[in-house]
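The values are calculated or read from the model by the stated rules, or taken from the named source; none is laboratory data. These numbers come from a predicted model, not from an experiment. Cβ placement follows ideal geometry from the backbone for every residue including glycine, while neighbour counts extend to all protein chains displayed.
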Amino acid sequence: MVRALDDSATTPMEPGKGGSPPREGNRSPWTKSPIILTDPNPLWRCYVVGYFIGDAPHVGSIHATVNRLWSSPKTGSKIDVQFLEKNTVLFRIENPQVRTRVIQRRYWHIADIPLVVNEWSPESALQPPDLSAMPIWIDLKGVQYAFLS
């Protein structure tokens, strides 16, 4: 259907009809809303950032490992991986339960390289994690059982 353009598109709006809002003098038809709208579910809510301690493995190795460790076969959700910097990786985890579990554990090993993960947000993007202390597993060989707890 083709409709001819006429002056009705520039006439003041009437309830239930199209058109542009009326103007008074040189004032703009736009007004500022006193309400600040915030999105309760920001676009970055499903992203987790990871920092490798040392040289990061190949992206294919990371992708295969995290999908094996983190994704659930029941939900069928897959995890996307992309590099932000040489040792910084961005993970997209749509499933909120999986994302929460990954963030709560915080320390992971991917291809024998330590990985520290955090929630991603614009504020935290420029702040790498504090790596002054972190829990690690060690194997003690030759220690008598009396000294182990």
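Things worth noting here:
- Strands (runs of 3 or more DSSP E) contained in the range 46-127 and holding at least 2 residues closer than 24 Å to residue 138 by Cα: 47-52, 107-110, 113-119
- One residue stands out in the range 101-115 among those that are touching a residue at least 24 places away in the same chain (Cβ under 8 Å) and over 15 Å from the mean Cα position of the chain (by Cα): the one that is farthest from residue 57 (Cα to Cα), namely 107.
- The single condition among (1) loosely packed, with under 11 Cβ neighbours inside 10 Å; (2) more than 17 Å from residue 131 (Cβ to Cβ); (3) not aliphatic (A, V, I, L, M) that residue 86 does not satisfy is (2).
Here is a yes/no grid of residues against (1) under 23 Å from residue 127 (Cα atoms); (2) at pLDDT 90 or above; (3) acidic (Asp, Glu):
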position: 45; (1), (2), (3): yes, no, no
position: 65; (1), (2), (3): no, yes, no
position: 91; (1), (2), (3): yes, yes, no
position: 113; (1), (2), (3): yes, yes, no
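- Annotation note: Cβ proximity below 7 Å between a residue of the range 127-149 that is on the phi < 0 side of the Ramachandran plot and a residue that is outside any loop (DSSP other than H, G, I, E, B) and hydroxyl-bearing (Ser, Thr, Tyr) (sequence gap 6+ or interchain) occurs for 128/51; 129/51; 134/107; 135/107.
- Restricting the range 61-82 to residues that are in contact (Cβ under 8 Å) with a residue 12 or more places away in the chain and either among the charged types (D, E, K, R) or under 23 Å from residue 134 (Cα atoms) (or both), the residue that is surrounded by the most Cβ atoms within 10 Å (Cβ to Cβ): 66
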